[in-house]
Amino acid sequence: MRYVNRVARKPDPERKPALLAQIVDFLLDKPLSALTFRTLASGLGVSTYTLVYHFGTRADLVREIVLSVSERQDLVVAAVQGESGDLEEHLANLRRSWELSLTERSQQLRRLEFEAATSESRQHGLGQITRGLFDRWFSTGVEALVRMGIHEEEATLEARTMVDTIYGLHYDLMVTKDPERVSAVFARVLRGYEARIARLAAEGAGELAAEGAGPAE
């Protein structure tokens, strides 16, 4: 009997990221709930085997999609994490984040995130990725405010208020498709946030100064 020595094909490390980028582009105007390997293979002109080979199960594929979608936030998160405790720098980063969210692509990607979050609220197989994204924004905001000298309890309340508000504004933007009016609301929210954070930072600085002065003689 003749044996054929077959060498297993090595996976192309660039193929999976390229496929994932194509998949995200394909889904920009489609619901995540309708995603199947069959429809995706047909839309991209590849075999279902190729998709299964690179992504495994549908749940694994959805996880990869959501993680890829969230990468657009990395630069903003990194900028906030690198803040020195200056309020103007912090506000500038929030404005930059909002500006980036106004592009058509960002709005479509946010829609995919919202759909994934809705799915995760009913299932546990996706690893609660969107909860992780929320927690990352929240914890990054808390840390930024603490660096300004704000007590952690107040920083926690303010960070959650801002994150919740921005998520709500993104939902408004997705539903109404009225960036001008929603941006006006964001500007008003940011002014109120700025006033509160400036007051809390001043109070924190005053307390530190009082502690440094020591007891009066």
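Computed from the coordinates by the stated procedures, all read-outs in this text should not be read as laboratory data. Quick caveat, the model's predicted, so the values are computed rather than measured. Note that each Cβ is placed from the backbone with ideal geometry, even for glycine, and that neighbours are counted across all protein chains shown.
Report, to the nearest 10°, how far helix 179-213 tilts away from the longest principal axis of the Cα atoms in the chain, using its own Cα long axis and a range of 0 to 90°.
50
Under a 10 Å cutoff between Cα atoms, tell me which one of 182, 46, 163 has the largest fluctuation in the Gaussian network model of the chain.
Result: 46 has the largest fluctuation of those listed.
Let me spell out the model: positive unit charges on the Cβ of Lys and Arg, negative unit charges on the Cβ of Asp and Glu, origin at the Cα centre of the chain. What dipole size does that give, in debye rounded to 20? Working shown, then result.
Values: 27 positive and 32 negative charges, 382 e Å.
Using only the charged Cβ atoms, the result is roughly 1840 debye.
If you take the Cα Rg of the stretch 72-210 and divide it by 2.2 N^0.38 Å, with N the number of residues, what do you get?
Numbers: Rg = 15.9 Å, N = 139, 2.2 N^0.38 = 14.3 Å.
Computed over Cα atoms of the stretch 72-210, the ratio equals 1.11.
Where does helix 87-101 land angle-wise versus the long Cα axis of the chain, in degrees 0 to 90, nearest 10?
30
With each pseudo-label sitting 7 Å past Cα toward Cβ, what's the residue 14-residue 48 distance in nm, one decimal?
In this crude spin-label approximation the distance works out to 3.0 nm.
Go through the stretch 79-165 and name the trypsin sites (Lys or Arg not before Pro) that are in a DSSP coil and have 16 or fewer other Cβ atoms within 10 Å of their Cβ.
Working: sites: 95, 96, 105, 110, 111, 122, 131, 136, 147, 160; in loops: 122.
Sites meeting the loop and neighbour criteria: 122.
Could you give the angle, 0 to 90 degrees to the nearest 10, between helix 58-70's Cα long axis and the longest principal axis of the Cα atoms of the chain?
Once rounded, the angle reads 40 degrees.
Would you order 103, 130 from fewest to most other beta-carbon atoms within 10 Å of each residue's own beta-carbon?
Details: 103 12, 130 21.
Lowest to highest Cβ neighbour count: 103, 130.
Which one of 93, 26, 201 has its Cα pushed farthest toward the positive end of the charge dipole of the chain, where Lys and Arg give +1 and Asp and Glu give -1 at the Cβ?
So the residue we want is 26.
Defining a contact as two alpha carbons under 8 Å apart and six or more residues distant in sequence, what relative contact order in percent does the chain show?
On the way: 137 pairs, mean separation 41.8, N = 217.
Contact order relative to length: 19 percent.
Taking Cα pairs under 8 Å and at least six residues apart, what relative contact order does the stretch 15-67 come out at, in percent?
Numbers: 21 pairs, mean separation 20.8, N = 53.
Rounded, it is 39 percent for the stretch 15-67.
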